[in-house]
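Engineer: Okay, handing you the structure first.
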Amino acid sequence: MHYITNIQKFSIHDGDGIRTTVFFKGCKLRCQWCHNPETQNFKPEIQYDSDKCTGCGRCVNACPNGALSFSQAAPGEAPTVVTDQSKCQLCGRCVDVCPQCARDIIGKEYSVPSLVKEIMKDRMFYEDSGGGVTLSGGEVMAMDKEYLVSLCQALHRQGIDITIDTCGEAPWETYEAIIPYVHTWLYDIKTLDDELHRKYIGAGNQLILDNLKKLAAAGERIYIRIPVVKEVNGTEESMRDVIRFLGENHIAPPQINLLPYHDTGKSKYPRLGREYEAENLHAPDNEEMQSFVKMFNEAGYGNVKIGG
Ligand code: SF4
Ligand code: SF4
């Protein structure tokens, strides 16, 4: 099964031109600062917005599985609805009865033909702007290889430009299988320090770096994207490591994006019943970001941008 959380139209930050970005659900990494936590789990899940909830109790009464209850609220505070995910069967009844639209099921299944049909609705904009479709997530490359090949072949047949936005944590066989159809890769590098990678990203970096080397060796067009977090990789030493890695592996990206940490995804965590772990993380200040750009420029990488 392949689930999608969002199909974003008129996107201009996920590759060239005007694009439709498809967010697949599921990723093996757990970046503490992830601003799309609803894309991390591979399965659909319930999202609940307590700010919209009036506490009417209709959802609690409607749930056939006893998965919902009210929290113990502090004096003066309104109780909120708590979902026991282990009991929830995603039947959707609580969503249907909520008069405030405070509940939603995140993750919709799309077959290849239905997804292609949706993407093709904006063909005119791709053609006029030199854009196309960006397959993102979550981690699109963690989806089933056969599904992805079939999707990419169908889009390629229609002449749609395909960009893949990837964190690199997926089997090489999947990358290899869709190389013939992909125009551009947006490839994340977080840190070359494996220990820090495990601490803040939830897995080592070996597979990610190996896949990047193989894509580069295959002559692929790769934009490098570096989320910059002061406590993780926001140092000259860390940027020097990346520059050295790119040089040693003859990777010459047409574009490098340095993406300063931001916490715009923070409010999504409580809606999923999760805690935001990145409270103590920060973006480097503008002067530091500019100094990182300068380091890349001095190493011969000309097209380095701050932001997407
Ligand atoms: S989706 Fe169905 S099972 Fe899950 S909490 Fe809502 S009503 Fe209960
Ligand atoms: S039905 Fe909606 S508004 Fe009523 S308690 Fe449930 S989530 Fe809140």
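The values are calculated or read from the model by the stated rules, or taken from the named source; none is laboratory data. Every value quoted in this text rests on a predicted model; they were computed, and no experiment measured them. Note that each Cβ is placed from the backbone with ideal geometry, even for glycine, and that neighbours are counted across all protein chains shown.
Engineer: Which count do you get for residues in the stretch 94-113 that are among the hydrophobic types (A, V, I, L, M, F, W, C), within 25 Å of the chain's Cα centre (by Cα) and within 7 Å of ligand 2 (Cβ to nearest atom)?
Structural biologist: Looking only at that region, the number is 1.
Engineer: Now for a separate question. Please go through the stretch 91-108 and pick out each residue that is part of a loop (DSSP other than H, G, I, E, B) and either on the phi < 0 side of the Ramachandran plot or in contact with a Phe, Trp or Tyr (Cβ under 6 Å, 6 or more places away or on another chain) (or both).
Structural biologist: C91, C98, P99, Q100, A102, G107
Engineer: In the list C88, C27, which residue meets the criterion of being in a loop (DSSP other than H, G, I, E, B), more than 10 Å from ligand 2 (Cβ to nearest atom) and surrounded by 21 or more Cβ atoms within 10 Å (Cβ to Cβ)?
Structural biologist: Selected residue: C27, the only one of C88, C27 that is in a loop (DSSP other than H, G, I, E, B), more than 10 Å from ligand 2 (Cβ to nearest atom) and surrounded by 21 or more Cβ atoms within 10 Å (Cβ to Cβ).
Engineer: Now, a different point. Quick check on my filter: what residues within the stretch 252-291 are exposed (fewer than 14 other Cβ atoms within 10 Å of the Cβ), among the hydroxyl-bearing types (S, T, Y) and not in a loop (DSSP other than H, G, I, E, B)?
Structural biologist: S291
Engineer: How about the stretch 167-183: which of its residues are under 22 Å from T39 (Cβ atoms) and β-branched (V, I, T)?
Structural biologist: Across the stretch 167-183, the qualifying residues are T174, I178, V182.
Engineer: Y126: in contact with a strand residue (DSSP E or B) (Cβ under 9 Å, 6 or more places away or on another chain) and near ligand 1 (Cβ under 10 Å from one of its atoms), yes or no?
Structural biologist: It is false that Y126 is in contact with a strand residue (DSSP E or B) (Cβ under 9 Å, 6 or more places away or on another chain) and near ligand 1 (Cβ under 10 Å from one of its atoms).
Engineer: Hey, any hits in the stretch 57-76 for a residue that's assigned to a loop (DSSP other than H, G, I, E, B), under 30 Å from L259 (Cα atoms), within 10 Å of ligand 2 (Cβ to nearest atom) and touching a residue at least 12 places away in the same chain (Cβ under 8 Å)?
Structural biologist: no
Engineer: Now, a different point. Restricting to the stretch 284-308, count the residues that are under 22 Å from the mean Cα position of the chain (by Cα) and more than 23 Å from I12 (Cα to Cα).
Structural biologist: So the answer is 1.
Engineer: Give just the number: which of (1) modelled with pLDDT of 95 or more; (2) assigned by TED's automatic domain parsing to the domain that holds N249 does R123 not satisfy?
Structural biologist: Condition (1) is where R123 drops out.
Engineer: A further question follows. In the stretch 292-308, what count of residues is obtained for those that are in contact (Cβ under 8 Å) with a residue 12 or more places away in the chain and either within 23 Å of E45 (Cβ to Cβ) or exposed (fewer than 14 other Cβ atoms within 10 Å of the Cβ) (or both)?
Structural biologist: Matching residues across the stretch 292-308 total 4.
Engineer: Mind listing just one residue for me: the one in the stretch 141-154 that is within 14 Å of L115 (Cα to Cα) and buried (at least 21 other Cβ atoms within 10 Å of the Cβ) and, of those, nearest to the chain's Cα centre (by Cα)?
Structural biologist: Among those residues, the one meeting the criterion is L148.
Engineer: Looking only at the stretch 43-56, decide whether some residue is at negative phi, more than 10 Å from ligand 1 (Cβ to nearest atom), touching a residue at least 40 places away in the same chain (Cβ under 8 Å) and in contact with an Asp or Glu (Cβ under 6 Å, 6 or more places away or on another chain).
Structural biologist: yes
Engineer: Condition first: polar (S, T, N, Q), modelled with pLDDT of 95 or more and near ligand 1 (Cβ under 8 Å from one of its atoms). Now tell me which residues in the stretch 61-88 satisfy that.
Structural biologist: N65
Engineer: Inspect the stretch 228-246 for any residue being modelled with pLDDT of 95 or more, part of a loop (DSSP other than H, G, I, E, B) and exposed (fewer than 13 other Cβ atoms within 10 Å of the Cβ) and give the result as yes or no.
Structural biologist: no
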